[in-house]
Amino acid sequence: MPESPVGVGIDIEHIGRFSHLGESALRRGAARWLSQDEREWCALQANWHEALLVVLSCKEAVYKAWPTAGGAHEARLVMRGSAALGRATTDRFAPVRLDAGWRRTGDSIVTLAIAARGDGAGELLEDLLDTARNAAAHLP
Amino acid sequence: MDRAQIEPRVRELLVQALGVPSTSIDPDFSASSTPAWTSLNHLMLISQVEGEFGVFFSNQQIRDLTSFKGIVEAVATHLHGSA
């Protein structure tokens, strides 16, 4: 039985969120707000712009789940998966651990983050995602 | 560089980072009255301002810089060491 969550964060971004920005502005933003590892993950994705949006969406969701984490940009995330579907974690704020999951749905990226003490965040996130899927399956 | 020189450059950065028309940026332009001033666009705006003026804002400043006036003041303070 995982421990109780201490926070939940949701972020939804339109895929064209940064479409008004030029390449240099996006590169500057990535250099300022993403860690080296996060930038490397972005570089491996088919669409670099979309990957940048995913990382920032994860940071935003993580910050909403655990607002005492300084600023949204301060979370250093370990990214797994693709820009379309994946998971991110950080233990930077131990003993609170944060897990985030994202999925591209239509023109949006939907990200859900959960903060929990110990190692329970990942399991809680799975439970929450399952609950959301079940609820969606029963929509009229 | 004085405020009269800083203001038009900040205005242009707001236009670029938020994707809003320059005519919408009056002296009271702020995040609270601008739907396009989202949290992610805010990050992009801050990094653009820092790069444009060669300044670096603290976490507290990043949270507080939510108005046209505030950004101009903060840049002027960084460049001149006083408000």
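Residue order for B:Met1, A:Met79, fewest other beta carbons within 10 angstrom first, comes to B:Met1, A:Met79. Here the stretch B:25-49 is scanned for amide nitrogen atoms under 20 Å from the site 7 Å beyond the Cα of B:Arg11 along Cα-to-Cβ, giving B:25-37, B:45-46, B:48-49. Within chain A, the selection of entire DSSP H helices by a Cα span of 18 Å or greater along the long axis and an average Kyte-Doolittle value of at least 0.5 returns A:48-65. One Cα centroid belongs to the stretch B:1-20, the other to the stretch A:55-85; the line between them spans 29 Å.
For A:Phe18, B:Phe57, the sequence from fewest to most other C-beta atoms within 10 Å is B:Phe57, A:Phe18.
Let me know the shape class of the protein assembly as shown, please: from the alpha-carbon gyration tensor, a ≥ b ≥ c as square roots of the eigenvalues, rounded when a/c is under 1.5, otherwise prolate if a/b is greater than b/c, or oblate. In terms of gyration-tensor shape, prolate. The Rg/Rh ratio for the stretch B:3-79, using Cα coordinates for both the radius of gyration and the Kirkwood hydrodynamic radius, is 0.91.
Using Stokes-Einstein with the Kirkwood hydrodynamic radius over Cα pairs, what translational diffusion coefficient do you get for the stretch A:80-140 at 20 °C and a viscosity of 1.002 mPa s, in µm²/s rounded to a whole number? The calculation lands on 174 µm²/s.
No value in this document is a laboratory result; all are computed from the given coordinates. These numbers were taken from a predicted model, which means no experiment stands behind them. Neighbour counts are summed over all protein chains in view; Cβ atoms, including those assigned to glycine, are modelled from backbone coordinates with ideal geometry.
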